[in-house]
Amino acid sequence: MLHVKDLRLGFAAGQRTLLAVDGISFTIERGETFALLGESGCGKSATAQALMRLLPPAGRIVGGSVSLDGEDLLVLPEAAMRGWRGRRMAMIFQEPATSLNPVLTVGRQIGEVLERHRGLRGAAARERMLDLLRQVGIADPERRLDEYPFQLSGGMKQRVMIAIALAGEPELLIADEPTTALDVTVQAQILDLLARLQVDRGMGMLLITHDLGVVARMAQRIGVMYAGELVEVASREDFFTTPRHPYTQALFAALPEVSRRGTALATIPGQVPALAAMPAGCRFAERCPQVMPVCRERSPEWREVAPGHALRCHWQGAASVLEKAADLTVDRQIEEKTGLLTVDGLKVHFPIRQGILQRTVGHVFAVDGVSLAIAPGRTLALVGESGCGKTTVGKALLQLIRPSAGSVRLGGRELVGAGARELRAARRQAQMVFQDPFASLNPRLRVGEIIAEGITALGVGGDATATVAALLRQVGLPTDAGERFPHEFSGGQRQRIAIARALAVQPQLLVCDEPTSALDVSVQAQILNLLKTLQAELGVAYLFITHNFAVVEYLAHDIAVMYLGRIVEQGRAEEVLGRPRHPYTQALLSAVPVPRLDGAGQRIHLPGETPSPAKPPAGCHFHPRCPQATALCRERYPAPTAVSPTHTVNCHLAA
Amino acid sequence: MNGFQIVVLWSDVLVWLLLASGIGVGVLIARSPPLLAAWRRVGASRAGMASATVLLAFLGIGLLDSLHYRVALDGKPGEKTQYAIEVLSLLDALVGPLRTENEKTYSAPFATHLYAKETIERPGQGTLREFPRLRFGGSHLAEPAAAPADIAATAAGAAALAVLGWLALVVLVANRRENPGDPTVDRQNWPKIGWSRLWRGETVFAWNAVLLTLLLILLTLLPLFALAGDYHVFGTDKVGQDVLYQILKSVRTALIIGLVTTLVMLPVAVLLGIVAGYFRGWVDDLIQYLYTVLNSIPGVLLIAAAVLMMQVVIDTHPQWFATAAERADLRLLALCFILGITSWTGLCRLLRGETLKLRELEYIQAAQAFGVSSWRIILRHILPNLMHIVIIALVMDFSGLVLAEAVLSYVGIGVDPTMTSFGTMINNARMELGREPVVWWSLAAAFAAMFILVLAANLFADAVRDAFDPRAA
Amino acid sequence: MLAYIVRRLLYAIPILIGVNLITFALFFIVNTPDDMARMQLGIKRVTPEAIEKWKEARGYDKPLFVNSAAGGLSTVTETIFFEKSVRMFAGDFGRAEDGRDIAREIGTRMGPSLAIALPTFILGLFVTVSLALTLAFFRATAFDFWGVVICVAAMSISGLFYIIGGQYLIAKVWKLVPISGFGEGLDAWRFLILPVCIGVVAGIGSSTRWYRTIFLEEVSKDYVRTARAKGLPETLVFFRHILRNALIPILTGVVVVIPTLFMGSLLTESFFGIPGLGSYTIDAIQAQDFAVVRSMVFIGSVLYIVGLILTDISYTLVDPRIRFS
């Protein structure tokens, strides 16, 4: 149905046009899902936009053809193209929050597609809209139709986006990272919805994603993109059983999972080449473990290794011979020593002010009685979906946010309510690594100054320059990096700098707030390896805040699962992952898309989304979404039940 | 040569202080690559560099006009030297005749005769009413009819000189080496600019725009000054003063209003804006209250009230000032302060909003996690990341203030009436449009000069904003 | 939403008090009434008696804050602060130098001011928003480029030039309309048309450019891409999606000036001889009539604060995020 042939597009930069996508070809049949997989900056989103001819102003389509049902879209006049957009082909975007017009009602935004492409108005249009909202699984559609986007949750906004896309009854649906901005449980809902709609309507679907798990769940055929080129195209089965391109193999090897515990993850050295400096030969050559002299000279041609499985690679080998880094053996049995950090009944409540006098009318119970302990040298993973308060816990531990109640004892010292001097001493023991490597380094300071900040502020003493150089070596950066500015480094390198900054004061505890969620898989592997090595060398303990179960499986010794400000289950990693007792933990684990063919096991579907922490449900917070809720759950919050000496769960069912 | 006494007016101090701090900031910028990169983007902008060249020309005039002295009067030897009551500047000395060669009243540009008929006694012919010859304008000519030819010859000579001088400059530039903006290239290996790259505009710095603007400036200024010695090129005003001279003197007033005002309000706006945004709570409430109150009072009226009150202070304390120039100078500075006090609110609000965003950034929290003190965080992490807004505000405000001065002086709440400025020129000349035949040159010259200055400032401000605004990058 | 508006209304009270205090401080504390008297009567030959007489005639002879001689409630009311500042809240502005009641003068002069300012405002808004929308529609073309160049040039021209030049050319040389003056009733349009047109033209440069920036900012938002992906024609994208969103920042700058339209324009009114509040103010400034200037400062602030409240209310109309929270 859709034939893309030798599509080339670029972005104007001054006088030149930098090619972002260089000659990619693929086809999508009716009723088929084709996934374009690639890391950030590989040109997959630009490809999707080019198909709709919706490139940003600097974007230029340089050559090639895109034909839908035999009609070449790239030569159509703009006015005719508008008749295709929304009608024959529709698109949903990554950020549902910004992709809807904030000042128009949901009904208006769906209605304009119906009016434009289906000629529906008035009552007929309204009927159709209600029908569409029901199809995308929105409860109470009559009310939602007259609401504005800001009144909807993130998942609902994406459902509305899908309804808008479906309104024109398109033959091709382009989904550009449709679930990246959503939580795992909501992601599962949206993926299910998309898969169902596609089957029902027999649409073709182009799915743009970076997530191998999503690919395994959704795609029938997969194209892997690297640096503006398609490097491998394969059916789902071939892709997951016999990936042939070294890049694809490296992507799989870089995935953290439980079977790789205790070993270092495979990483891809180097970086994606810049648009302005694309190598002449194979673009992956510089980073390829199988590189041969011919790779640097000549760009490989397409080669079919099996029916429907083609790749562009000179290397004829099949099996991955990725260099295995030495086993880290981090998991040496750590003695359960006295707790380094003990948190008891920690609460962080933010007042809600309202009314004429701005009186406090309620509280956001961001963190509502969290207790946990971390032993020296161990990793505790704090897992939960967005808005559950896990980041607030991390910041409250370090007193970046003042807790409302509870106790935080670090190395025997009480931090809650401590004076400035006591806190100063504590700050040497606990530091933090933040989520966004681009926002966590001051762009106006040199890397050396950034790393030395803690040394000077806390008066650690010693030769600061020598310390900085040693730290840079330790995190795997060249020593001359200290003289340079953050913008000269890639995301992964910046995260190394942030880790070096935190380590500069020799802390015993590092709070890592989603340190890899903004990074690509191959870079994530580098950072995870680094964290493991550092733990082995320095014996530092981690509080690892994350929503990513794959990382948890790989890294954590202990796990605490949070829901709506409280910990619902905690224990040893193998206990919580292997024998989860709380229905929420079970649902979370089953919702994670697994990058394997056999990933589609028994899935537990959670309805709805996390409620607002300002109005937590009565009784067990989880009961409105819990598939096994009883009357008791609606009344009383469950007390902790010890499943084993190290494993506790807050659930009436486990009691 | 008489002796002289250097007079340091308060505004002179500020002007030179501004220049010094400008150079100081320049040195700081050169050491901070992100800022330097932004300025290099300004340097690459053709419109920006052309307007910067014009602005520099204006700045040169203003600086020359900011070195003041008083000439010693001839006195008996042995007596204590007395100094003239009139305060002169280096500019006055350079353009000498322009200042002193005053006619009786109006005369048109390049005129040889006065604009009004006068009764003249002619021996033997009795009294006549005719246009008398000017005392200075075209007085070197025996026959006034020769004026156009003389003007053309002088202008052509000067223009030829201008072109020659310009070509010399082009040669100089073409032989320079240029930093390609790539730190890996050594200074010795920087590429030479060369003719063809200059011509085709392929240089990193927008040299072609600068050179073309310079050519225009030279082609205008050299003939103008060559002719100014013999003619009143822009005519004379009611009291016979040369309009070109007034324009030159107005430049300094405009620059001071535009620059000193921002300098006055900048520290207040930056400090209060950052403090409000960083500390929040009651500090924020108080500062917000303060600027909402100040904002509520209509600007012109607040300025009017303040200027009236200042006038009362100045008038009731005549003993404070040794010369009229000092009094006018103080009034000018007071006006700058008043304008500054009424105009800091906008920037303050902008900085507060930006600080609110910055303080949530993770690198600020990282610093807090190290227990870095609030003031150090403000100084190290917040202020440098707000610099682009401050710089943009600084250049954007300039043109608005120059325009405001004209309006305020017209209303009577601007600079001292004895001080030459675009506003006072317009105010003095606006009734002349009612005359028959109309006297237009004074107004036209003032509006044209102001237009060039403000347009250059606006274009430069645009270039700076484009280069510094992170959204544009 | 109601609580929101009531809160904004309440917030106006401390601001008004602040404005009142600042004005009072400016007029009576920075300079004493004695200084003002000396200034008005001429610096050189002034006797203490003359000063006392001047102060008494204007009620400036009382103590600033506390009149201990008066006793009772009058301790507070028989003071300059109460009579000159507090009574302004009740609309009592006292008398001008020429002895006329300022409040009544303001009442009669509001009409002519509004007759100029309101058409200028509405026409100006319409013209500049349309121009800006056109430029944004044709963004990144030669039309847009030259449009911006003209805007920058237009905003570099002094406002005085527009008035002086326009008046000279249209009224004096071409004699299309009277040079200045004001008429009552239907005849007034002949006097109004020129100042209104000049007012509109003078504002085109900066406003058009400002609105264009706002439109361009909206154009790059994600929801615009969504609207295009629906296959909507570009005009619909602009008028239904972009205009609605751009209205929010535009309103911030626009609604706040509506009440201050009553104040008229200083320059236009004085050049065209319109008997409005603008020329009243400018005359008072030039005659150094402190009582009038003080009153105008206060009224101007009150109107501005009303504008702030109107802005807040108008947000609730265009922004559902405020309306429903």
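The values are calculated or read from the model by the stated rules, or taken from the named source; none is laboratory data. From a predicted model like this one, the values you see are computed outputs, not experimental measurements. Quick reminder, even Gly has a Cβ in these numbers, built from the backbone with ideal geometry, and neighbours come from all protein chains shown. Side chains are part of the model used for accessible areas, which takes the heavy atoms of the whole protein and leaves out ligands, DNA and RNA. Shrake-Rupley method; radii C 1.70, N 1.55, O 1.52, S 1.80 Å.
Structure summary
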{"read-out": "Complete set of residues in the stretch A:389-426 that are under 29 Å from the mean Cα position of the chain (by Cα) and not in a loop (DSSP other than H, G, I, E, B)", "value": "A:Lys390, A:Thr391, A:Thr392, A:Val393, A:Gly394, A:Lys395, A:Ala396, A:Leu397"}
{"read-out": "Residue match in the stretch C:241-253 (condition: buried (at least 20 other Cβ atoms within 10 Å of the Cβ), at pLDDT 90 or above and farther than 20 Å from C:Thr311 by Cβ)", "value": "yes"}
{"read-out": "Sole residue being of a type outside the set (Gly, Ala, Ser), over 29 Å from A:Ala614 (Cβ atoms) and in contact (Cβ under 8 Å) with a residue 60 or more places away in the chain, chosen from A:Thr379, A:Thr391, A:Thr456", "value": "A:Thr379"}
{"read-out": "Members of the stretch C:25-59 found to be more than 11 Å from every other protein chain (Cβ to nearest Cβ) and in contact (Cβ under 8 Å) with a residue 12 or more places away in the chain, listed by number", "value": "C:Leu41, C:Ala50, C:Ile51, C:Trp54, C:Lys55, C:Arg58, C:Gly59"}
{"read-out": "Number of positions in the stretch C:170-184 that are within 10 Å of another protein chain (Cβ to nearest Cβ) and either part of a helix (DSSP H, G or I) or closer than 30 Å to C:Arg212 by Cα (or both)", "value": "2"}
{"read-out": "Filter result (in a helix (DSSP H, G or I) and open to solvent by less than 10 Å² (accessible area, probe 1.4 Å)) within the stretch A:219-250", "value": "A:Phe239, A:Pro246, A:Tyr247, A:Thr248, A:Ala250"}
{"read-out": "Residue in the stretch C:135-153 that is more than 14 Å from every other protein chain (Cβ to nearest Cβ) and surrounded by fewer than 18 Cβ atoms within 10 Å (Cβ to Cβ) present", "value": "yes"}
{"read-out": "Qualifying positions in the stretch A:167-195 - under 26 Å from the mean Cα position of the chain (by Cα) and in a helix (DSSP H, G or I)", "value": "A:Val184, A:Thr185, A:Val186, A:Gln187, A:Ala188, A:Gln189, A:Ile190, A:Leu191, A:Asp192, A:Leu193, A:Leu194, A:Ala195"}
{"read-out": "Total residues in the stretch A:417-454, condition open to solvent by 40 Å² or more (accessible area, probe 1.4 Å) and more than 12 Å from chain B (Cβ to nearest Cβ)", "value": "1"}
{"read-out": "Qualifying residue in the stretch C:193-212 (condition: open to solvent by 40 Å² or more (accessible area, probe 1.4 Å), in a helix (DSSP H, G or I), among the hydroxyl-bearing types (Ser, Thr, Tyr) and free of Cβ contacts under 8 Å to residues at least 12 places away in the same chain)", "value": "no"}
{"read-out": "Candidates A:Lys395, A:Lys390, filtered to the one that is within 14 Å of chain B (Cβ to nearest Cβ), open to solvent by 10 Å² or more (accessible area, probe 1.4 Å) and at pLDDT 90 or above", "value": "A:Lys395"}
{"read-out": "Test: residue in the stretch A:182-189 that is of a type in the set (Asp, Glu), open to solvent by 10 Å² or more (accessible area, probe 1.4 Å) and at pLDDT below 90", "value": "yes"}
{"read-out": "The stretch B:68-94: number of residues that are within 22 Å of B:Leu453 (Cα to Cα) and crowded, with 19+ Cβ neighbours inside 10 Å", "value": "3"}
{"read-out": "Residues that are out of contact with any Lys or Arg (no Cβ under 7 Å at 6 or more places or on another chain) and surrounded by fewer than 20 Cβ atoms within 10 Å (Cβ to Cβ), drawn from the stretch A:398-415", "value": "A:Leu400, A:Arg402, A:Ser407, A:Arg409, A:Gly411, A:Gly412, A:Arg413, A:Glu414"}
{"read-out": "Wholly enclosed helices (runs of 4 or more DSSP H) of the stretch C:220-308 bearing at least 1 residues of a type in the set (Val, Ile, Thr), within 14 Å of chain A (Cβ to nearest Cβ) and on the phi < 0 side of the Ramachandran plot", "value": "C:222-229, C:243-255"}
{"read-out": "Members of the stretch A:353-371 that are open to solvent by less than 40 Å² (accessible area, probe 1.4 Å) and either closer than 18 Å to A:Leu555 by Cα or free of Cβ contacts under 8 Å to residues at least 40 places away in the same chain (or both)", "value": "A:Gly355"}
{"read-out": "Any hit, the stretch C:98-118, residues being in contact (Cβ under 8 Å) with a residue 60 or more places away in the chain, in a loop (DSSP other than H, G, I, E, B) and on the phi > 0 side of the Ramachandran plot", "value": "no"}
{"read-out": "Looking only at the stretch B:37-47, and only at residues there that are within 25 Å of the chain's Cα centre (by Cα) and within 13 Å of chain A (Cβ to nearest Cβ), the one that is nearest to B:Ile391 (Cα to Cα)", "value": "B:Ala38"}
{"read-out": "Residue in the stretch A:8-22 that is more than 20 Å from A:Ser522 (Cβ to Cβ), modelled with pLDDT of 90 or more and surrounded by fewer than 16 Cβ atoms within 10 Å (Cβ to Cβ) present", "value": "no"}
{"read-out": "Failed item, numbered, when A:Ile208 is tested on (1) open to solvent by less than 10 Å² (accessible area, probe 1.4 Å); (2) of a type in the set (A, V, I, L, M, F, W, C); (3) touching a Gly at 6+ places or on another chain (Cβ under 8 Å)", "value": "(3)"}
{"read-out": "Boolean, C:Pro275 is free of Cβ contacts under 8 Å to residues at least 60 places away in the same chain and surrounded by fewer than 20 Cβ atoms within 10 Å (Cβ to Cβ)", "value": "no"}
{"read-out": "Helices (runs of 4 or more DSSP H) within the stretch B:1-64 that include 3 or more residues over 29 Å from B:Leu215 (Cα atoms)", "value": "B:10-30, B:33-44"}
{"read-out": "C:Ile157 vs. criteria touching a residue at least 60 places away in the same chain (Cβ under 8 Å) and within 11 Å of another protein chain (Cβ to nearest Cβ)", "value": "no"}
{"read-out": "Filtered residue count, the stretch B:282-299, keeping only those that are facing chain C (nearest Cβ under 7 Å), crowded, with 21+ Cβ neighbours inside 10 Å and in a helix (DSSP H, G or I)", "value": "2"}
{"read-out": "Single condition B:Thr355 does not satisfy, out of (1) surrounded by fewer than 20 Cβ atoms within 10 Å (Cβ to Cβ); (2) closer than 30 Å to A:Gln429 by Cα; (3) more than 12 Å from every other protein chain (Cβ to nearest Cβ)", "value": "(1)"}
{"read-out": "Qualifying residues in the stretch B:353-397 (those that are β-branched (Val, Ile, Thr) and under 16 Å from A:Arg446 (Cα atoms)) - the one farthest from the chain's Cα centre (by Cα)", "value": "B:Ile364"}
{"read-out": "Any chance B:Ile392 is more than 30 Å from A:Ala430 (Cβ to Cβ), aliphatic (A, V, I, L, M) and either within 14 Å of chain A (Cβ to nearest Cβ) or open to solvent by 20 Å² or more (accessible area, probe 1.4 Å) (or both)", "value": "yes"}
{"read-out": "A:Met91, sole failed condition from (1) farther than 24 Å from A:Asp72 by Cα; (2) at the interface with another protein chain (Cβ under 9 Å from one of its Cβ atoms); (3) buried (at least 20 other Cβ atoms within 10 Å of the Cβ)", "value": "(1)"}
